[in-house]
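Comments concern the structure below.
The values are calculated or read from the model by the stated rules, or taken from the named source; none is laboratory data. The structure presented is a predicted model; accordingly, all values stated were derived computationally and were not measured. Note: ideal-geometry Cβ built from the backbone for every residue, glycine included; neighbour counts use all protein chains shown.
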């Protein structure tokens, strides 16, 4: 029997006038994506530059991945700070620091110093992602909140493709050039400070004792969704991380073809996010269906012996992941009241980025055990199908809640 859900919290400060605050939060949510993909095209040139540094073969790729690991580790702490110091204040400060740490490699000559700066970027990304998601929960409610959380996913997915292309274009001039894009934080931070209203607690939380009383965080309520999110993130990142290798196994070596297929998969993810906004929030079988769709895509990819079949499997999978991510975050958000929202979304963000970090390791282990990456992807598809079946069984055993199922998402 699932843990009881938090009661609805009608926030007096919900839904600030106009769409500008939502636009600003979408822009802020894209900043952590910048760190994940921007440097991928220039890693070979960076490797050549630091070729004489001991251990550079391992250290240079870590420059790309270490912010995600730092984000996964530190997001829960960012959530605590969000609840104690305020969402807006932390977001503005973290965005300024993001720009400063992100551009630091433009002037650093030490590979180890660059690694330290990248860890600090991950710290700021943890604060930015947690604060942006928490503020969406503060400002909006119900179906409008769901739409904006889906839009957050859509913007992040679309921006990943844009940032990858920009990184390649700027990197053609010099491997350091892409780091200039981090300066965009200095442009966004003042807009955040001016446009975003300071959220207030709901009326029933504004009593002095409600603000100061120590009460336990609803760990049980969040544990299940966070564990499911770790697995969901592995599912979400499998295609972006492994598509180039799957194409190579089929004999496709053209970077143009690889880029085109990756773009098609990314477009399917965006489309899935759009579809999510059109789905009824009352559907109790939505999440099992999304996992089942992802599983079908993986199985097609694992069995593919031609490029069209591989692309078809990737599109099916990414349609599922485009709906899966906003479904997971809306389920997590629905379990949190105002006082717990920062900590709760910090835990959720940590779970998601932990899954991102684990994704290539899981598939690498599967490849070693199964003998090929395609078989490992098929095995991941089978595991995803099992998760979908387990969720469907749990839904059938649980009676439908009385009244509007606000949190049954």
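Taking residue 310 as the residue in question, decide whether it is in contact (Cβ under 8 Å) with a residue 60 or more places away in the chain, within 17 Å of the chain's Cα centre (by Cα) and part of a helix (DSSP H, G or I).
no
Has segment 140-156 got any residue that is without any contact (Cβ under 8 Å) to a residue 60 or more places away in the chain and part of a helix (DSSP H, G or I)?
Within segment 140-156, not a single residue is without any contact (Cβ under 8 Å) to a residue 60 or more places away in the chain and part of a helix (DSSP H, G or I).
At least 2 residues that are modelled with pLDDT under 80 in each: list the helices (runs of 4 or more DSSP H) lying fully within segment 42-135 that qualify.
43-49, 56-85
Helices (runs of 4 or more DSSP H) wholly in segment 192-299 with at least 2 residues that are surrounded by 16 or more Cβ atoms within 10 Å (Cβ to Cβ) and at pLDDT below 80 - which ones?
219-249, 255-278
If a residue has to be over 23 Å from the mean Cα position of the chain (by Cα) and either outside the structural domain of residue 50 (by TED's automatic domain parsing) or buried (at least 18 other Cβ atoms within 10 Å of the Cβ) (or both) to count, how many in segment 91-133 make the cut?
So the count comes out to 4.
How many of the residues making up segment 28-41 are more than 19 Å from residue 90 (Cα to Cα) and either modelled with pLDDT of 80 or more or not assigned by TED's automatic domain parsing to the domain that holds residue 56 (or both)?
Within segment 28-41, residues that are more than 19 Å from residue 90 (Cα to Cα) and either modelled with pLDDT of 80 or more or not assigned by TED's automatic domain parsing to the domain that holds residue 56 (or both) number 0.
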